[in-house]
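Just so it is clear, none of the values below were taken in a lab; they were calculated from the coordinates. Please read these numbers as outputs of a predicted model, since none were measured by experiment. Positions of Cβ are generated from backbone atoms using ideal geometry, with glycine treated the same way; all protein chains shown enter the neighbour counts.
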Amino acid sequence: MNDKAIVHMDLDSFFVGVEQLRDSQLVGKPVIIGGQSDRGVVSACSYEARKFGVRSAMPMKLARQLCPDAIVLRGDYDAYSSYSKMVTDIITENAPVVEKASIDEFYLDMTGMERFFGTWKFATELRQKVIKETGLSISMGLSINKTVSKVATNEIKPAGQLFIETGNERNFLAPLTVSKIPLIGNVTSQTLRNMGVTHVGTLSQMPLKLLEKTFGKIGKTLWERANGIDFSPVIPFHEQKGMSKEMTFQQDTTDVNLLNNLFISMTEQLCYDLRKSGHCTGCISVKVRYSNFDTHTKQLNIPITSADHVLIKASLDLFQKLYDRRLLIRLIGIRFTKLVRALEQLNLFDNSTKVVPLYDAMDRIRDKYGSDAIGRAVRIDKKNKRIS
Amino acid sequence: MKFVVSSSVLLKQLSTVNGVIANNPIVPILENFLFQIDQTQLTVTASDLQTVMITTLAVESSDTGAIAIPARLLLDTLRGLPDQPITFKVDRDTFGTEIITENGRYKLSGENPIDFPKVPQVTKSLSVQISADILGAAIANTIFAVSNDDLRPAMTGVYVQLSPEYTNFVATDGHRLIRYKRSDVKSEYDSTMIIPRKALNLLKSSLPSDDTTVTSDFSSSNAFFSFNNIRMICRLIDERFPDYENAIPQNNPNVLTINRSEFLGSLKRISIYSNKTTHQIRLKLAKNDLVISAEDLDYSNEANERLMCDYDGDEMEIGFNAKFMVEMLSNLTSNMISLEMSQPNRAGLIIPADKKADEDILMLVMPVMLNTYA
């Protein structure tokens, strides 16, 4: 028995599920979670809203048109992560190897468990346990690898479970449309459609050479996935790859002063998060999206640090280099990558011996009174006399 | 133009100066060695515009003239040849060069020697005589702390402070600083300069390890070194070196005295368990008690060791980059060292307990900020 047993678990419309737990009046109603304004996007929606054609990542304006009676909520991300943690705790306590793929998705490697419990029985009991203890609805799929399990979960959603028996993977995948394969997004499925390929079955029978020629390296992976082959392991620990903050404006702007202040403010907040998580960053990138949706990013490698003054300077420098076309800006963002768990290395020749303890003191104030309690003066909103 | 030279002698000399040649030089001519023949003397020059190295060797010839020869091609050829006299024949019009050996003939196209950049000449300068082993020690003791950060050019070289009483060699990357002081190297008057890392590395590898006298001349923009048959000229870094003297803390009441090799061994073992990119470790000090510890939270690795030591001062906890400490301690030879500190956010000074005559080493390392709460 060399076959693996991989379970994929996915919480059904997780954000909405949490909201419904907290307010039972929302049950059975179309609920949309996302930015309130017309320029926001849908980050989650209930199955009732989906009936109207609402999808996540859709502009809020369009979602409102499709489903005018939907209840729109801003979302409470702290609550979502605490519920996500509850689920994670239950699963990790019971399963041998668990990979948390996102806030509401888990892969479990149950290989070898069949000797003791029977994998399907065990997974079913675990799913029931999650439902019973958290009240959230969760779906799952079981097969010999991650891809097939994930597709199985997506097919049986919501509130279902599906077991794809060994050897039956290709038969299961064949009748599905190609876009059901996790790897295949809009662009790839469009290309495939142009080639006359709509179903996974067709894709699996295509010559490997042709796929490699059309899609490059990814072509082989596509072919493997279509044939239900996926050797990627369940990785129990996922390092946080980056930290980012983005902001979409109510109205597009070219006000460089305002933009600079926002960069300072966003970097300062991100630095606090960075230090709080005990990390330093080795790479900072700045993103600008113009009103025509052209998106440009620029990044800079730096010696690892978590100090405000270094990172603020870097972000402003990057922005200045990036923004040279006096075009209206729709969105700006900052991202820290190459995170390493580290403390701040003090420097001989800047005043870090004084500033770093200051950040430490400011962080303590923020821990106690909230992240808006103290900050640079440029962050003060003059009208409200508050830090924005 | 024609000359005959021993292949092994030529290879040895070329290998010495080859280090100057950059991988992708700004001007293609710099991929060449400049050969200048003056009867029985061959002068070979290699340059990257910042650093120039010149060596001379004896050849058999009756001609005078010059040619630029592709460095990589020539070196690869010489490396593959058994030791023998070889003949170079140069066509002065086409710069075609033919190498005639017992094994066969090799033809390569040279370049016009006129295109090779002029070598700066010694003008109005300060001259200092330094023994090769002292200069070598000064470079070896400082160069590892030189910064790689091109955004801070002043720190990418060793700062040399010449004076009538002593000479300081100082290197720093902002996180640590080494001051290597020699009271047996003196100059007529005070002068300071920053010598770039590349030149010093080349110098270090070509310096003999005996007391050969190295004549060093310094003009306002260049440094000239000559010893045996080798000359080196490098452009100085025209920047202001940071005010390092004020960065050295004066009052350090907390003094740890410890056996260097025991401390070093412990740091090396503990740092295996620290984060692989940051190498951060922590020293916990109490009266005659030192605990070194590290943890890598990502992999749940952790280690700690308790060491015999002599500690006099306040109880404290201070964090350091173990890589810095290991590099510094490995460069010292003294049996016992002392680590002098004031506060957990101030620099620590490493000072060897037994000093050699004429030599004074001070090493300074900045700590990492330990979270006092969290």
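Highest mobility in the GNM of chain A, judged by mean-square fluctuation with C-alpha springs under 10 Å and restricted to A:Val178, A:Val148, A:Val87, is found for A:Val178.
Only Cα pairs under 8 Å and 6+ residues apart enter the sum, and on that basis the relative contact order of the stretch A:139-231 stands at 28 percent.
What do you get for trypsin sites (Lys or Arg not before Pro) in the stretch A:207-272 restricted to DSSP loop and a cutoff of at most 12 other Cβ within 10 Å of the site's Cβ?
Here the sparse-neighbourhood loop sites are A:Lys217, A:Lys241.
What angle do you read, to the nearest 10 degrees and between 0 and 90, between the alpha-carbon axis of helix A:352-369 and the longest principal axis of chain A? Tilt of helix A:352-369: around 60 degrees.
Comparing B:Ala140, A:Thr88, A:Leu211 along the charge dipole axis of the protein assembly as shown, the residue lying farthest to the positive side is A:Leu211, per the Cβ-charge model. The equivalent ellipsoid of the stretch A:222-332 has semi-axes of 31, 22, 12 Å, largest first, where each one is the square root of 5 times an eigenvalue of the Cα gyration tensor.
Subtracting the Cα-Cα distance from 0.36 nm times the residue separation, let me have the gained length for B:Ser330 to B:Thr215 in nm, one decimal. Present the calculation step by step, with values, prior to reporting the outcome.
On the way: separation 115, 0.36 × 115 = 41.40 nm, distance 2.96 nm.
Contour length minus Cα-Cα distance gives 38.4 nm.
Between A:Asn292 and B:Val4, the modelled labels are 7.4 nm apart [label points 7 Å from Cα along Cα→Cβ].
Diffusion coefficient of the stretch A:1-163 by Stokes-Einstein, Kirkwood radius over Cα pairs, 4 °C, 1.567 mPa s: 78 µm²/s.
Taken residue by residue and averaged, Cβ atoms of other chains lying within 10 Å of the Cβ of A:349-356 number 4. When the charge dipole of chain A is built from unit charges on Cβ atoms (+1 for Lys and Arg, -1 for Asp and Glu) and taken about the Cα centre, the candidate among A:Pro175, A:Ala101, A:Ile365 whose Cα reaches farthest toward its positive end is A:Ile365. Taking only the C-alpha atoms of the stretch B:126-246, Rg followed by Dmax gives 13.2, 41 Å. Spacing of the modelled spin labels on B:Ser261 and B:Thr64, each 7 Å from Cα toward Cβ, amounts to 5.9 nm. In plain terms, chain B is cut at each of the chymotrypsin sites (Phe, Trp or Tyr not before Pro) found in a DSSP loop with at most 10 other Cβ atoms within 10 Å, and the longest leftover piece is B:1-188.
Mean residue ellipticity, 222 nm, helices only, the protein assembly as shown: the sum of -39500 (n - 2.57) across DSSP H runs of n ≥ 4, divided by residue count and rounded to 500, is -9000 deg cm²/dmol.
In whole angstrom, chain A maps to an equivalent ellipsoid with semi-axes of 40, 25, 24, each derived as √(5λ) from the alpha carbon gyration tensor and ordered largest first.
Could you work out the per residue convex hull volume over the alpha carbons of chain B, in cubic angstrom? Don't skip to the end; give the middle numbers.
Numbers: hull volume 64.7 nm³, N = 374.
In chain B, the Cα convex hull volume per residue is 173 Å³.
Each Cα pair under 8 Å and six or more residues apart adds its separation to the average, and for the stretch B:272-348 the resulting relative contact order is 28 percent. Our estimate of slack between A:Thr337 and A:Asn257, defined as 0.36 nm per intervening residue step minus the Cα-Cα distance, is 26.2 nm.
Within a 10 angstrom radius of the beta carbon, how do A:Cys67, B:Cys234, A:Cys280 rank from fewest other beta carbons to most? Before the final figure, lay out each step's value.
Values: A:Cys67 21, B:Cys234 24, A:Cys280 27.
Placing the least packed residue first, the sequence is A:Cys67, B:Cys234, A:Cys280.
Peptide B:363-370 is shielded by partner chain Cβ atoms: per residue, an average of 5 of them sit within 10 Å of its Cβ.
Of all the C-alpha pairs in the stretch B:165-223, what % are more than 18 Å from each other? Across the stretch B:165-223, Cα pairs with separations above 18 Å total 47 percent.
Within 10 Å of each Cβ in B:274-280, how many Cβ atoms from other chains are there, averaged over the peptide?
Working: counts 1, 5, 1, 7, 8, 1, 6.
For peptide B:274-280, the averaged partner shielding equals 4.
Dipole size of the stretch B:126-246 about its Cα centre, with +1 on Lys/Arg Cβ and -1 on Asp/Glu Cβ: approximately 280 debye, rounded to the nearest 20.
In plain terms, chain B is cut at each of the GluC sites (Glu not before Pro) found in a DSSP loop with at most 15 other Cβ atoms within 10 Å, and the longest leftover piece is B:1-101.
Specify whether the C-alpha gyration tensor of the stretch B:22-89 places it in the rounded, prolate or oblate class, a ≥ b ≥ c being the square roots of the eigenvalues: rounded for a/c under 1.5, otherwise prolate if a/b is larger than b/c and oblate if not.
Working: a/c = 2.21, a/b = 1.35, b/c = 1.63.
Since a/c reaches 1.5 but b/c is at least a/b, the shape of the stretch B:22-89 is classed as oblate.
Contact order, relative form, for the stretch B:104-225: 32 percent (alpha carbon pairs under 8 Å, 6 or more residues apart, mean separation divided by residue count). Shown here for the stretch A:147-227: GluC sites (Glu not before Pro) in loop regions (DSSP other than H, G, I, E, B) with at most 13 other Cβ atoms within 10 Å, namely A:Glu165. Over all orientations, the stretch B:2-115 has a Cα convex hull whose mean projected area works out to 6.3 square nanometres. The Stokes-Einstein estimate for the stretch A:171-227, based on a Kirkwood radius over Cα pairs and taken at 10 °C with 1.306 mPa s viscosity, is a diffusion coefficient of 146 µm²/s. The length gained on full extension between A:Thr177 and A:Lys321, counted as 0.36 nm times the residue separation minus their Cα-Cα distance, comes to 47.4 nm.
If you line up the long axis of helix B:7-18 against the longest principal axis of chain B, both from Cα atoms, how many degrees apart are they, to the nearest 10? Compared with the principal axis, the helix lies near 50 degrees.
Per Stokes-Einstein, at 10 °C and 1.306 mPa s, what whole-number D in µm² s⁻¹ belongs to the protein assembly as shown, with the Kirkwood radius over Cα pairs as the hydrodynamic radius?
On the way: Rh = 32.2 Å.
After rounding, the answer is 49 µm²/s.
Loop-located trypsin sites (Lys or Arg not before Pro) in the stretch B:21-128 (DSSP state not H, G, I, E or B) with no more than 14 neighbouring Cβ atoms inside 10 Å: B:Arg92, B:Lys118, B:Lys124. Taking the C-alpha atoms only, the angle from helix A:77-94 to the longest principal axis of chain A is near 40 degrees.
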